[in-house]
Each structure stands twice: as structure tokens, then as C-alpha cells.
1. Determine, for Val290, Val233, the number of other Cβ atoms within 10 Å of each Cβ, and report the residues in order from fewest to most.
2. Round to a whole angstrom and tell me the spacing of the C-alpha centers of region 24-87 and region 130-207.
3. Would you list which lysines come within 21 Å of Lys280, measuring only between C-alpha atoms, while excluding same-chain residues fewer than 8 positions from it?
4. Each residue of region 238-250 in order: what ³J(HN,Hα) in whole Hz does its phi give by Karplus 6.51 cos²θ - 1.76 cosθ + 1.60, θ = phi - 60°, with x for Gly and Pro?
5. So what is the relative contact order for region 98-286, in percent, with contacts set as C-alpha pairs under 8 Å and at least six apart?
6. Can you work out ³J(HN,Hα) from phi for every residue in region 146-156, in order, using Karplus 6.51 cos²θ - 1.76 cosθ + 1.60 and θ = phi - 60°, giving whole Hz and x for Gly and Pro?
7. Spelling out what I want: for every residue of region 254-262, take phi, set θ = phi - 60°, compute 6.51 cos²θ - 1.76 cosθ + 1.60 (Karplus), and round to whole Hz; glycine and proline get x.
8. Once every DSSP H run of n ≥ 4 in the chain is given -39500 (n - 2.57) and the sum is divided by its residues, what mean residue ellipticity at 222 nm do you get, rounded to the nearest 500 deg cm²/dmol?
Amino acid sequence: MKVAFLDNVHGILQERLSANGYECSELYSITREEILQGSLSDFSGIVIRSRLTIDARLLAALPSLKWIARSGSGLDNIDVEEAEARGIRVINSPEGNRDAVGEHALGMLLSLMHKIHQGNLSVKGRNWLREEHRGEELGSKTVGIIGYGVMGSSFAEKLKGIGCKVIAYDKYKSGFSSDLVEEVTEEEFFSRSEVVSVHVPWTSETKGMVDSQWLSRFTNPIIFINTSRGAVVKTADLLDAIDRGTVRCCALDVIEFEGNSLEGLELDEERKATLDRLLKKEQILITPHVAGWSVESYYKLSSFLADKILN
């Protein structure tokens, strides 16, 4: 069975596949046009990250394809419905970076609440301002998680022991209440949350989900965290909510203006103006889509894919 690695992933995946008789080819620079022209017509499997979009047209150029392995959790660059209709198995590995995402979300939240990043910059600016950097304890808050899948449950696990109340709402999942989390209705989620962490997939339904109307539904001013996908949030509406006081502060590992490859930003004049506004907000902590990007997750993402492919 021939497998094309279209993106660079940890070598453990190729090592394990090769040991089990797979013929692996590293084709990191192959273009969409080359695939459409038939370059991979005799390949049975492909390994990808985010560089290429695997849509219906591309799938039609892969007549021998049996499976697609996506290193990571998101499947937004794969037409899953079309793949399944063609009998192609779609495999991802959210288990591989769930701990990294959960820890990163918690780290950003604690940095916000205890003003760690601001305090660091203040001291490096040769100021020693104690009262200005008085923090708040997370244990006194109710944390609301929207989307209680692999990532949402990881965040709940990381919150265990801090003492905060954790609630979660998931439109497509129920019966998950445990000693970690209380399952709530949508209305309860909006009325009780003081901290909100988004862990939904990027789909046509969730694109732009966090807009002015959504943010206006919260009873309490919230601390907002997004480690899912940038396009879930309408940035201008989030900034307006900060100006109104509806959102107190926020931590973003992802932003709306990321390109499809997730390796940079795609900006027109309107987006540049919104980005400038975003970057000027002291209440916002931003990291470059690295929540799931740990040393350990790099290995685990490929190891879990190998398990699923071989088993």
C-alpha cells in the first residue's frame, strides 16, 4: 500500500507504517495542480495537516485512496461527507494534543486573571506596581465550556483541583455530567458562566458563532477563551463587547484572520484595521495557534494516527 506524506509530521508514523509493509513517500511540496493531474492516482493513503484542502475535486483525482490521516483534531480542510461517500476512511488524532490544549487554555486563563503577562512587562519596564497587578482567584468563578468533546473535557480535567465550578453545554452531546463537570442547558450556560472557553469544531454552523448577539446573551461580564478555530469568532463583535464591558478580557490562541494553512494571516484593508484594534487591547492575550503545539503532542499526534491506521 502506497502512502503519501503531504505534510511533515513526527517520524514515528512513517516508521511504524514502513515496518508494517507500507511504501511511504515524502511529498511535502506537491501542489494541488499536480494531484489533480494524477500524481497520486495509485496511492492508497495520504497524511496531511492543513496545507491542502481535500475537496470533492481533489478526491476525484485519487481513485485508489482508501484513507486520509489528518494529524490533529480539526477536519475543516477535508470534505468528510464526500470522502465517506467514496468509501474513504477519514482519521484524525485529537487525543494526541488534548493535554497540550487543555494546559494552554488554563495557562492563558491564569495569566489573564492574575495579570502575569502584564506584570512581567511592567517590571521589565522598570516599574514595581503591586496594587495595579492585583489578581483574581479562578476558584471563585464558574467556568463555562461550550463543546464538550476531546478538547473541552481535557480543559475540565485541568481545572480539577482549582476549586472552580465547571459547567458545560454541548448541542450534540448529553449525559456527560461527572465529578469534573455539570452538564447544563444552553440558557443555563449563558446565565451562569463567568469564564467561557470555546471548544467547538469549525463548521458551517459554528463559523461566526461568537458574534454580538451571542455575546449579549451572557448575564455576567465574562472572561473569554478561544483555542478552537479563529473563524468561530467575529473579531469586530468581540472587540465591541470588550468596549461595552460585556467581555472583561480574553485569551485567543486563534484569530479570525488565519489562512487555510494556519501558518499565517490573510489580511485585506478591513481586516488590517480590525487586527490593529485587536493588538492594541491590553485586555487581550494572544498566542499564534500553538495551544496543541507541544513537544509531547508532536509525537502523540502521529503515534495515535499509527494506532488507528494499523488497527
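Read the figures in this text as sums done on the coordinates, not as results from a lab. Bear in mind the structure is a predicted one, so any value in this text is a computation, not a measurement. Don't worry about glycine lacking a Cβ; one is built from the backbone with ideal geometry, like all the others, and counts go over all protein chains shown.
1. Val290, Val233
2. About 35 Å separates the Cα centre of region 24-87 from the one of region 130-207.
3. Qualifying lysines at Cα under 21 Å: Lys115, Lys124, Lys234, Lys272.
4. 5, 5, 4, 5, 5, 4, 7, x, 5, 10, 6, 6, 8
5. Relative contact order, region 98-286: 17 percent.
6. Per residue, the Karplus-derived 3J(HN,Hα) values read 10, x, 9, x, 4, 6, x, 5, 5, 4, 4 Hz.
7. 9, 9, 4, 8, 5, x, 4, 7, 6
8. Result for the chain, helices only: -10000 deg cm²/dmol.
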